[in-house]
Amino acid sequence: MAFRTRRGFGAAAAALALATSLISANGAFAASSAPTGEAAVQRTCDFYWGTTLTVRGHTGPRVLEVQCLLRSRGYQLALDGDFGPDTENRVMLLQACMGLTIDGKVGVNTWRALRSNGCDHDG
């Protein structure tokens, strides 16, 4: 599915439209294969593939990927591309569940946990 941006809407509107199409009301996500040369992942929302440190205050595709992956696990969270207190809180819950350092930052280990199976949230 391709999305085009119109003058005045910008990339953020296109990303939000894509996110809405990828995530159903129950928080399901679209499965995808990794780009050529990268290790396969079990979960993705196709906003971002890397592992760059992503923290409170950041905005954009990396944050949309974090939020989408958290929603795919059942965490109630706005998909707005803004890493605010709600996103940080949900990241900390996942980190606790996965036995990671609980700091609310999405670094290499938390990216790996987000894209793995296990620790889905029930409510």
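Derivation of every value follows stated rules applied to the coordinates shown; laboratory data play no part. Keep in mind the model is a prediction, meaning the values are calculated, not measured. Glycine gets a Cβ as well: all are built from the backbone with ideal geometry, and neighbour counts include every protein chain shown.
Overview of results
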read-out: Exposure proxy ranking, count of Cβ atoms within 10 Å, fewest first, for 116, 72; value: 116, 72
read-out: Residue exposure sequence - 46, 103 - by fewest surrounding Cβ within 10 Å; value: 103, 46
read-out: Loop-resident sites, segment 38-96, for GluC sites (Glu not before Pro), counting at most 10 other Cβ within 10 Å (DSSP); value: 38
read-out: Relative contact order (%) - segment 52-118, alpha-carbon pairs under 8 angstrom, separation at least six; value: 37
read-out: Ascending count of other beta-carbon atoms within 10 Å, so fewest first, for 122, 82; value: 122, 82
read-out: Three-way shape label, segment 49-98, alpha-carbon gyration tensor, a/c 1.5; value: rounded
